[in-house]
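The values are calculated or read from the model by the stated rules, or taken from the named source; none is laboratory data. Everything numeric here is computed off the predicted structure, so don't read it as measured data. Virtual Cβ from ideal backbone geometry, glycine too; neighbours counted across all protein chains shown. Note: accessible area is taken over every heavy atom of the protein model, side chains too, but ligands, DNA and RNA are not part of it. Shrake-Rupley method; radii C 1.70, N 1.55, O 1.52, S 1.80 Å.
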Amino acid sequence: MGKTVAEKIFSKHSNKDVKSGDYTLAKVDIVLVNDITGPLSVMEFQKLGNTKVFDKEKIAIICDHFTPNKDIKSAQNVKMLRNFAKDQNIKHFYEPGHVGIEHVMVPELGLARPGYLIIGADSHTCTYGALNAFSTGVGSTDAGMAMATGDTWFRVPPSFKVEIVGKQKKWISGKDVVLHLIGKIGVEGANYFALEFCGEGLKNLSIDDRFTISNMAIECGGKAGIFNYDSVTEQYLNDLGIKAPDYVEADKDAKYENSITIDLGSLDYTVSLPFSPDNTTNINKLEKTYVDQVVIGSCTNGRISDLRIAAEIISNNKVKDGLRVIVLPGSPKVYLEALREGLIEKFILAGAAVSTPTCGPCLGGHMGILAEDEVCVSTTNRNFIGRMGHPKSKVVLASPAVAAASALTGYITSPEEVI
């Protein structure tokens, strides 16, 4: 019997032949923590005594959630991580001035590569599956121990095949694809599966579309969301100076325990209504829904292509009176590109606020908290009760195109309505 991509990656990192369901101790390529989860990982690490990290170049500490520090506690947490990174001579420590949202930065830094096994104390670590890596979220304790040993335990997951066919119309993006998938199979539809994306339609999904899709694999329970390696992946890595990566392909007779086909040509603008990512609907079936705030950014949709889409729709227009629009470039690199391309100016002239890169509003941390009964259309990844602020506020998940169009009208709007 052939192997899936996940089985091959685990076999390589375990130095033995493993299959789905096996328990194995696997070497990891990168261990990632942030300013919320990192302090807990460091405390567990320090319980081991006078220990050194397994590899100072394979640990990333990215202070992105509550930075710039929103209060004394967040400042203390970042101080702790800063001191730990200095003591351990960790190469990849980032804080404001150099920091972006971790799942935007890690690929930019070349830390995520095909065939890698990456763990991170953040549930959206699955983002790097877009680059043909197996990457997944773990607890802070697991991350702390892996900092010391360079390995961790896994049960090799079964795989769920997602075949992409067809070609989408303009403005349909990776966000529509993944919301459609989650709506179809539900938030538990891929519990502990490795979603593996394949099919002739992949060529129509940009690398940023793929980051968005892999990022939200966890929202349907996926342990990972892995894309086949192709010319799109190769071009992205070439631009980073990464040549001849050790990519992984599934065998033709690999066993998948579940499968689904998505025709890009059949997709319409998809939004996820409160209070679950699988509560999806096509925008043309939605009653007029007024919003108080629009957020464009996050680890899901804070990349340069997302900002280009939003700017194209917003350009030469004004944000609807009474509406707050917050744009968060995902990293300093994205921010600088947007600045040089004139996108930041377009947002500001339209009446939007442009923030430094941060996770802030996505998790109700800072930089855009919602008040009671307020509604936000957001390009983020979760719309649970109280996710972005008051327990009686509401979040509607959408693509950058829908969010930008909604910024002009004040209600959830198709881009075709304003272009």
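Which residue out of D29, D17 is under 30 Å from A250 (Cα atoms) and free of Cβ contacts under 8 Å to residues at least 24 places away in the same chain?
None of the other options fit; the residue is D17.
From the set of residues in region 279-288 that are open to solvent by less than 50 Å² (accessible area, probe 1.4 Å) and closer than 20 Å to S393 by Cβ, which is modelled with the lowest pLDDT?
Here the residue is L286.
I need a count of the residues in region 8-64 that are in a loop (DSSP other than H, G, I, E, B) and in contact with a helix residue (DSSP H, G or I) (Cβ under 7 Å, 6 or more places away or on another chain).
Residues flagged as in a loop (DSSP other than H, G, I, E, B) and in contact with a helix residue (DSSP H, G or I) (Cβ under 7 Å, 6 or more places away or on another chain) within region 8-64 amount to 15.
From the list K170, K184, which residue is out of contact with any Leu (no Cβ under 8 Å at 6 or more places or on another chain), not in a loop (DSSP other than H, G, I, E, B) and not small (G, A, S)?
K184
Would you point out which residue out of D64, D55 is in contact (Cβ under 8 Å) with a residue 60 or more places away in the chain, of a type in the set (D, E, K, R), farther than 23 Å from T152 by Cα and open to solvent by less than 60 Å² (accessible area, probe 1.4 Å)?
Just one listed residue meets the conditions, D64.
I'd like the full set of residues that are out of contact with any Ser or Thr (no Cβ under 9 Å at 6 or more places or on another chain) and either under 23 Å from F193 (Cα atoms) or modelled with pLDDT under 95 (or both), limited to region 223-238.
N228, Y229, D230, T233
Determine if region 258-280 includes at least one residue that is out of contact with any helix residue (DSSP H, G or I) (no Cβ under 8 Å at 6 or more places or on another chain) and closer than 22 Å to V18 by Cα.
yes
Does region 289-296 contain any residue that is farther than 14 Å from A404 by Cβ, surrounded by 17 or more Cβ atoms within 10 Å (Cβ to Cβ) and under 22 Å from the mean Cα position of the chain (by Cα)?
No, region 289-296 contains no residue that is farther than 14 Å from A404 by Cβ, surrounded by 17 or more Cβ atoms within 10 Å (Cβ to Cβ) and under 22 Å from the mean Cα position of the chain (by Cα).
From the residues in region 321-346 that are more than 23 Å from the chain's Cα centre (by Cα) and crowded, with 17+ Cβ neighbours inside 10 Å, which one is nearest to D208 (Cα to Cα)?
Selected residue: K346.
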